[in-house]
Amino acid sequence: MLIAKRPQRTLARAAEVRGVGFFHGADVTMRFLPADPDTGVRFIRTDLPDRPSVAARISQVIPTQRRTAVQDGPAVVELIEHVMAALAGLQIDNCLIEIDAPECPGCDGSSRVFVETLDAAGVVDQDRPRQTLTIERSFTVREGDAVLAAHPNATDGLTLSYHLDYGQDSPIGNQSFLLSLSPESFRSEVAASRTFLLEHEAKALRAAGIGLRATEKDVLLFGPDGVVGNTLRFPDECARHKVLDMIGDLALLGMDLHGFVVAHRSGHHANASLVRKLLQSIEKEKEKEADPWAPPLPLRSDGTIDIQGILEILPHRYPMLLLDRVLELQAGRRVVGLKNVSFNEPFFQGHWPGRPIMPGVLIIEAMAQAAGILIASSVNRSGRAAVIASIDDVKLRRPVVPGDQLRIEIVAHKIKTTSASVTGVAKVGDALAAQAKIRFVMIDAPAA
């Protein structure tokens, strides 16, 4: 679901970082410049004719090893993940970055220098909302032993978890790290975590002409006995740096992300694959919203829906169909349904012999079915079904017994193509029998 949670932000003034590229070894100067709303992050190659530029978006990512790179025509910029992490971690949405080399400076292998530079420049709010993608269903990327998954979060914001496991023989021990992302937590817990690799990997890269100007003072090198020529900033610095990389790569989404992202042994390629999946889900939802609605609800001339109409809308059948009639319907806003409670209900045989009482869970289920009618009045129901995701604030006020008529009243709080939330009450006459708040998620399912 796309929402606006905060204003867009950009730099208050220009800032500059100088350094050496880890992979190609060139001297690099980067200038961070304020940008207009909706610009996003864009790199400008000042060393090339006509100053070509490339947007920091997933659509521009090209295949590279051990780093993230973007390209648009002649404009190629590599090792952007630490810069993108700094911008995303500080919630800087719009920025032009002038760069005079094909890769960003490695600095100390972390985002710390970029964060300090951007903090010194200052950040200002802009008069345009920042779009946020709230994850409402799970997405998973698997690549061999690596798994990366994005799930709905219990609270607003982005939570990231990484489990690092290179096996028992690795000098890098198993590590796990969990972060609830905010500018403050990014600065203090992640920004200073550095790039790492095994000593024999570094030797192989140097033999191929890569990383000739990088030393063990610039990155964390692990030999058989641990870190070589350096000291750790955090006991779990490697796992923290993996989270830093995730933040930088997820920023290629071009919007904020609210959810819980869990990673096990994954890297840049899996991060990019997850971003593509998330964008594809947005496009699919837009297509569903653009599709013609399903045939109109089977309303009778008096505005009610009888049992035949209910059977057309809901997938439930005996013995779980608990709604007999819809008495009132205000599409997308309110519905009133009726449940006739007969002694012939199958649940009365065991609940309880000699004292038949309708189970409270079935009263809630009847309320959920009435809510299903209300949801169907607002979204395309073809091939979709509303499934209960949570039930809160349940209160059972009085017993419901054979001969009672349950009047079920449901009011919508939010109905979207992917989720819905309602409040419902069930009454016998004027007496309140039950009440609850119910949240639904939409799933693909055969039509009723």
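Observations
- 10 Å Cβ shell holding at most 11 others, DSSP loop, trypsin sites (Lys or Arg not before Pro): longest site-free stretch of the chain: 14-216
- Net length gained if the chain between R317 and T231 were fully extended (0.36 nm per residue, minus Cα distance): 24.4 nm
- Between E184 and R51, residue separation times 0.36 nm minus the direct Cα-Cα distance comes to 44.4 nm.
- Between Q405 and L2, the contour length at 0.36 nm per residue exceeds the alpha carbon distance by 141.0 nm.
- Calculated FRET efficiency, T29 to I443, Cβ-Cβ distance, R0 = 35 Å: about 0.10 to the nearest 0.05.
- The chain: calculated mean residue ellipticity at 222 nm from DSSP helix runs of at least 4, using -39500 (n - 2.57): -6500 deg cm²/dmol
- 5 angstrom amide H check on L257, placed H, neighbours 5+ away: L133
- Computed on protein heavy atoms with a 1.4 Å probe, the accessible areas place M320, M367 in the order M320, M367, largest first.
- Surface accessible to a 1.4 Å probe, per residue, for the residues of the chain, Å²: 46 Å²
- Degrees separating the helix 237-250 axis from the principal Cα axis of the chain, which is the longest one: 70 degrees
- Estimated distance in nm for a label pair at E116 and A14, the labels positioned 7 Å out from Cα along Cα-to-Cβ: 2.2 nm
- Principal-axis tilt of helix 112-121 within the chain, Cα atoms, nearest 10 degrees: 80 degrees
- From the coordinates of this entry, semi-axes √(5λ) of the Cα gyration tensor in Å is computed, and it appears in [x] 40, 23, 21; [y] 55, 24, 18; [z] 64, 25, 18 under the label [y].
- Between the alpha-carbon centres of segment 188-212 and segment 139-172 there is a gap of 21 Å.
- Projection of the Cα convex hull of segment 195-331, averaged over all directions and equal to a quarter of that hull's surface, yields 16.1 nm².
- Ellipsoid semi-axes in whole angstrom, largest first, where each is sqrt(5λ) of the Cα gyration tensor of segment 267-414: 35, 21, 13
- Degrees between helix 268-290 axis and first principal axis of the chain (Cα, 0 to 90, nearest 10): 40 degrees
- Hits among aspartates and glutamates - C-alpha to C-alpha of K416 under 17 Å, sequence gap 8 or more where chains match: E136, E283, E285, E287, E289, D291, D444
The values are calculated or read from the model by the stated rules, or taken from the named source; none is laboratory data. Worth saying up front: this structure is predicted, and the values here are computed from it rather than measured. Every residue, glycine as well, gets a Cβ built from its backbone with ideal geometry; the counts of neighbours run over all protein chains shown. These area figures cover heavy atoms from the full protein model, side chains too; ligands, DNA and RNA do not enter into them. Shrake-Rupley method; radii C 1.70, N 1.55, O 1.52, S 1.80 Å.
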